[in-house]
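Worksheet: one structure, shown below.
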Amino acid sequence: MSATIVSLPDQSTARIPKVNFITKENGLLSWLLTGDHKRIAILYLISLSFFFFIGGALAGLIRLELLTPQADLMATDTYNKVFTMHGVIMIFFFLVPSVPATLGNFLIPLMIGAKDLALPKINLLSWYLYIAGGLLAIYTMATGGVDTGWTFTTPLSTHYVNTNVLTTGLAVFIAGFSSIFTGLNFLVTIHKMRCPGMTWFKLPLFVWAHYAASILMVLGTPVVAIAIVLVALERTIGIGVFDPTKGGDPILFQHLFWFYSHPAVYIMILPGMGVISETISTFSRKRVFGYTAVAFSSVAIAVFGFFVWAHHMFIMGISNYAVLVFSLLTMLVAVPSAIKIFNWTFTLYKGSITFETPMLYTFGFMGLFTIGGLTGVFLGTSGTDIHLTETYFIVAHFHFVMVGGMLMAFLAGIHFWWPKMTGRMYPEKISQLAAVITFIGFNFTFFPQFILGTLGMPRRYASYPPEFQVLNVFSTAGATILGVGYLLPVLYLTWSLKYGAIAGNNPWQATGLEWQTQSPPLTENFTSTPIMDHEAYDYDWLDKQKEKEVTTSVG
Amino acid sequence: MSDSPVIAHGASEVEHHEHPAYLRHHFESVEQQADTTNFAMWLFLLTEVMFFGGLFTAYLIYRNWYYPAFVAASHQLNIFWGTANTAVLISSSFTMAMGVWCAETRRKGGLVLCLVLTFLLGLVFLGIKSIEYSEKIEKHHVPGFHYSLKSFLDPDSDEAAKAAGDKPLPLDVARHTEVYFSLYFAMTGMHALHMIIGIAILGFMIFRARAGAYTAGHVTFVENFGLYWHFVDIIWIFLFPLLYLISRHAN
């Protein structure tokens, strides 16, 4: 790797700025009662990692059980609880808040030149709600767990299981409010807190992506909240809204649930797409190709995302006409997603590409997300869906999008902004290794599952016919490699907090406003209100700034 | 060469005049702060619309499916108390609006009076609601194990059904009244929960208002709470005809 754009200050003289948001105040209370969006982002990062490793450990248990065809590691109903808790924790306590609550929280005010998010107390409240929901979920797990699957499908959840549906539902309900408050805060901030000169079309695409995701959080989450309330009322006092014996309809629950939970998929992926737009531009030294198209494709995904939910219900007895319409609408979502992928690819064209760790994760994202997205088209086609639904094909599909897509983007973002958040660089070589290990491990884990799915292996079973074992062993072996790939960053990022090279303000020579202030930033972000006097991703502007700096220091 | 200069050509340094104490550090001006919190409140109300929207959707579907059962079940609601409660809520919206005006024109006494009146009207609403609920409990119209179809299978045994001139419903139709009451309790219950939260906040505001908190120029909190209160009222304005007046156009 000879070519690099990394430019660090002279390590013998460089120092982390004495006054920054980390050193401003000391003591646990100064963190727990903070209103600073950057500190709340760090709180989120720590707690998210905690939940990620719980969810990951549960995934490990699932893969271990599936190593052999028989259900031998755990009882079958234990297995049901394990995959349910894996889903609940990973979706509601990791994927949904992952990029928005950490990177979005930290960066949106910096990127738009504001001192903080519009509602700092609400921001802190959303973290406490997240923690309350998360602890309740763990309490649920410790006191017997829940085995409905993360979808709380009625009438299973209302009539047939005796596990902790209520407490899990409450945990998700609480976490939902955390998500609503985060989204609401972002929308208000992006509307009202932009610095002078920061017009909508000068916003970094990261901000556009968060804007679109926030719309989904604000409009979608309340609907799943009411669906959960109705499930709780049905379990406790026995109202009949979803109960067919009383005239209710369980399909209505599916409609209400997926009205949120399909857009939730875009809540999970859109912020990741925002990260990719930033890294692709920085490591190709080019403005993102078709900025406006990429910006509007985020909004288009948000809008279309609200009209495709019934594709989760093709085999559940909705009418053929509904299947037809929702199948067509599902295809439409592929269009803005493809716009993004193609524009990122065009951004690479004739760019000066370098292969730092965030860029490696970015390439991982683009490949895996494309596979995940295209297999989504198979599933949106009702004919193939009837064959593939409820098999491992589905499992592979959404793991390609969520883990291959979102988690890769999350790691790309964490590495990319790590120097901004901590003031220190992560070690480059080992992190490149980790990125490659993750990519290899991921493909080993989930690619065999596509084949298993087309062969007809159903999801959510602890045992399977012996002829599927080879591919399952592949998958479990891959999961082990993937586990190493995820453990490595935790180790070297922690190491870098003390021993990493001093990063300086702008190690990547990136153009965003967040790079034009010190790292780690001041509590107020900027010494004075910035003025946005150039376009987004304007590398010429950055060069001119540097020239100016040279002339002034000479003269 | 890595440290590109911190952008420092801001405009804010010049204007370090006196800030009022309620201007939070991250806003440039009082107007921006008021504008921002106001926008946030509207967005929050949008989430509330979606929250109740799920219930209204369920209502819409089941009412289309089970219209005769819904009509018969709605005759069991007490239209007198329902109308009274609508009047109480509209009055409370008026007192709340007056409260916001008092805060804006810095009339402390008027504000406290208006908030207390709103608080009391809110309590009256909940009181009337509890009378209605207890009627349902007595008649076993609460969905669940003790639900009774007697009023619908044998309307002559039930005063309300008799007064509305209901005919006996076949068993399979009558059973769907339970869906109606499921929605009735879910919708009015969620509405009542919002009232309780509102009344609790009102209690807090009365204390703060007596200390003069909202009559010194910073009225955002009162304004935003006013929006919330009006929103809860509007939900009722939709619930009342949907639940109480389903068949009243015929009579």
From the list A:Ile414, A:Ile430, pick out the single residue that is among the β-branched types (Val, Ile, Thr) and in contact with a helix residue (DSSP H, G or I) (Cβ under 7 Å, 6 or more places away or on another chain).
A:Ile430
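Restricting attention to the range A:32-48, which residues are in a helix (DSSP H, G or I) and surrounded by 17 or more Cβ atoms within 10 Å (Cβ to Cβ)? Walk me through it before giving the result.
Taking the range A:32-48 first, the residues in a helix (DSSP H, G or I) are A:32, A:37-48.
Those that are in a helix (DSSP H, G or I) and surrounded by 17 or more Cβ atoms within 10 Å (Cβ to Cβ): A:His37, A:Lys38, A:Arg39, A:Ile40, A:Ala41, A:Ile42, A:Leu43, A:Tyr44, A:Leu45, A:Ser47, A:Leu48.
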Just name the residue that is nearest to the chain's Cα centre (by Cα) out of those in the range A:489-517 that are within 10 Å of another protein chain (Cβ to nearest Cβ) and of a type in the set (Ser, Thr, Tyr).
A:Thr511
In the range A:353-365, how many are touching a residue at least 24 places away in the same chain (Cβ under 8 Å) and crowded, with 20+ Cβ neighbours inside 10 Å?
9
Out of B:Phe231, B:Phe181, B:Phe221, B:Phe185, report the one residue that is within 14 Å of chain A (Cβ to nearest Cβ), closer than 30 Å to B:Leu115 by Cα and either outside any helix (DSSP H, G or I) or more than 15 Å from the chain's Cα centre (by Cα) (or both).
B:Phe221
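Go through A:Ser528, A:Ser496 for me and flag whichever is part of a helix (DSSP H, G or I), of a type in the set (Ser, Thr, Tyr) and either in contact (Cβ under 8 Å) with a residue 60 or more places away in the chain or out of contact with any strand residue (DSSP E or B) (no Cβ under 7 Å at 6 or more places or on another chain) (or both). I'd like the intermediate steps shown before the answer.
Details: A:Ser528 fails: part of a helix (DSSP H, G or I).
Exactly one of A:Ser528, A:Ser496 is part of a helix (DSSP H, G or I), of a type in the set (Ser, Thr, Tyr) and either in contact (Cβ under 8 Å) with a residue 60 or more places away in the chain or out of contact with any strand residue (DSSP E or B) (no Cβ under 7 Å at 6 or more places or on another chain) (or both), namely A:Ser496.
Sort through A:Lys340, A:Lys350 and tell me the only one that's buried (at least 16 other Cβ atoms within 10 Å of the Cβ) and not small (Gly, Ala, Ser).
The conditions single out A:Lys340.
Determine if the range A:321-331 includes at least one residue that is over 18 Å from the mean Cα position of the chain (by Cα), among the aromatic types (Phe, Trp, Tyr) and more than 23 Å from A:Thr282 (Cβ to Cβ). Before you say what the answer is, go through the steps one by one.
To start, the set of residues in the range A:321-331 that are over 18 Å from the mean Cα position of the chain (by Cα) comprises A:321-331.
Now narrow it down to the ones that are among the aromatic types (Phe, Trp, Tyr): A:321, A:326.
Right, trim to more than 23 Å from A:Thr282 (Cβ to Cβ) and you get A:321, A:326.
Yes, because at least one residue in the range A:321-331 is over 18 Å from the mean Cα position of the chain (by Cα), among the aromatic types (Phe, Trp, Tyr) and more than 23 Å from A:Thr282 (Cβ to Cβ).
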Every residue from the range A:128-148 that is within 16 Å of A:Phe93 (Cβ to Cβ), at pLDDT 90 or above and in a loop (DSSP other than H, G, I, E, B)
A:Val146
Being under 17 Å from the mean Cα position of the chain (by Cα) and within 24 Å of A:Phe93 (Cα to Cα): is that true of A:Ile269 here?
yes
Quick check on my filter: what residues within the range B:22-33 are in a helix (DSSP H, G or I) and either crowded, with 17+ Cβ neighbours inside 10 Å or facing chain A (nearest Cβ under 8 Å) (or both)?
B:Gln32, B:Gln33
Only one of A:Ala322, A:Ala334, A:Ala295, A:Ala300 is surrounded by fewer than 22 Cβ atoms within 10 Å (Cβ to Cβ), hydrophobic (A, V, I, L, M, F, W, C) and touching a residue at least 40 places away in the same chain (Cβ under 8 Å), namely A:Ala334
Scan the range A:461-474 and tell me whether some residue there is at negative phi, surrounded by fewer than 21 Cβ atoms within 10 Å (Cβ to Cβ) and either among the acidic types (Asp, Glu) or within 14 Å of chain B (Cβ to nearest Cβ) (or both).
yes
Can you find a residue that is modelled with pLDDT of 95 or more, closer than 30 Å to A:Leu252 by Cα and assigned to a helix (DSSP H, G or I) anywhere in the range A:271-282?
yes
Tally of residues being surrounded by fewer than 17 Cβ atoms within 10 Å (Cβ to Cβ) and either within 30 Å of B:Phe225 (Cα to Cα) or not hydrophobic (A, V, I, L, M, F, W, C) (or both) across the range B:140-165:
10
Can you confirm whether A:Leu522 is more than 10 Å from every other protein chain (Cβ to nearest Cβ), more than 25 Å from the chain's Cα centre (by Cα) and over 26 Å from A:Ile280 (Cα atoms)?
no
Residues (crowded, with 22+ Cβ neighbours inside 10 Å and more than 10 Å from chain B (Cβ to nearest Cβ)) located in the range A:231-256
A:Val231, A:Gln254
Taking the range B:34-67 and the residues there that are more than 7 Å from chain A (Cβ to nearest Cβ) and of a type in the set (Ser, Thr, Tyr), the one that is farthest from B:His176 (Cα to Cα) would be B:Thr37
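Here are some residues: A:Phe378, A:Phe400. Which one is buried (at least 24 other Cβ atoms within 10 Å of the Cβ) and aromatic (Phe, Trp, Tyr)?
On the way: A:Phe378 fails: buried (at least 24 other Cβ atoms within 10 Å of the Cβ).
None of the other options fit; the residue is A:Phe400.
Could you identify the single residue in A:Met193, A:Met217 that is farther than 26 Å from A:Val395 by Cβ, within 14 Å of another protein chain (Cβ to nearest Cβ) and in contact (Cβ under 8 Å) with a residue 24 or more places away in the chain? Even if it seems obvious, please write down each step before you answer.
Numbers: A:Met217 fails: farther than 26 Å from A:Val395 by Cβ.
Testing whether each residue is farther than 26 Å from A:Val395 by Cβ, within 14 Å of another protein chain (Cβ to nearest Cβ) and in contact (Cβ under 8 Å) with a residue 24 or more places away in the chain leaves just A:Met193.
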Matching residues in the range A:401-431 (farther than 22 Å from A:Glu278 by Cβ and either outside any helix (DSSP H, G or I) or touching a Phe, Trp or Tyr at 6+ places or on another chain (Cβ under 6 Å) (or both)) number 1
Of the conditions (1) touching a Pro at 6+ places or on another chain (Cβ under 9 Å); (2) crowded, with 24+ Cβ neighbours inside 10 Å; (3) under 30 Å from B:Gln32 (Cβ atoms), the single one that A:Tyr260 does not satisfy is (3)
Of the residues in the range B:68-103, those that are crowded, with 19+ Cβ neighbours inside 10 Å and within 14 Å of another protein chain (Cβ to nearest Cβ) come to B:Ala69, B:Phe70, B:Ala72, B:Ala73
Selection count, the range B:127-162, where residues are in contact (Cβ under 8 Å) with a residue 24 or more places away in the chain and of a type in the set (S, T, N, Q)
1
Output the residue which, of all residues in the range A:110-130 that are surrounded by fewer than 23 Cβ atoms within 10 Å (Cβ to Cβ) and touching a Phe, Trp or Tyr at 6+ places or on another chain (Cβ under 7 Å), is nearest to A:Ile190 (Cα to Cα).
A:Ile122
The residue from A:Glu514, A:Glu549 that alone is outside any loop (DSSP other than H, G, I, E, B) and touching a helix residue (DSSP H, G or I) at 6+ places or on another chain (Cβ under 6 Å) is A:Glu514
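Hey, does the range A:111-127 have a residue that's more than 30 Å from A:Glu514 (Cβ to Cβ), part of a helix (DSSP H, G or I) and charged (D, E, K, R)? Even if it seems obvious, please write down each step before you answer.
Going through the range A:111-127, the residues more than 30 Å from A:Glu514 (Cβ to Cβ) turn out to be none.
There is no residue in the range A:111-127 that is more than 30 Å from A:Glu514 (Cβ to Cβ), part of a helix (DSSP H, G or I) and charged (D, E, K, R).
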Can A:Leu29 be described as within 14 Å of chain B (Cβ to nearest Cβ), over 30 Å from A:Ser261 (Cβ atoms) and part of a helix (DSSP H, G or I)?
no
Within the bounds of the range A:129-146, is there any residue that is of a type in the set (A, V, I, L, M) and under 21 Å from B:Met50 (Cβ atoms)?
yes
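The values are calculated or read from the model by the stated rules, or taken from the named source; none is laboratory data. Remember, it's a predicted structure, so these values are computed and weren't measured experimentally. Positions of Cβ are backbone-derived with ideal geometry, glycine not excepted, and every protein chain shown enters the neighbour counts.
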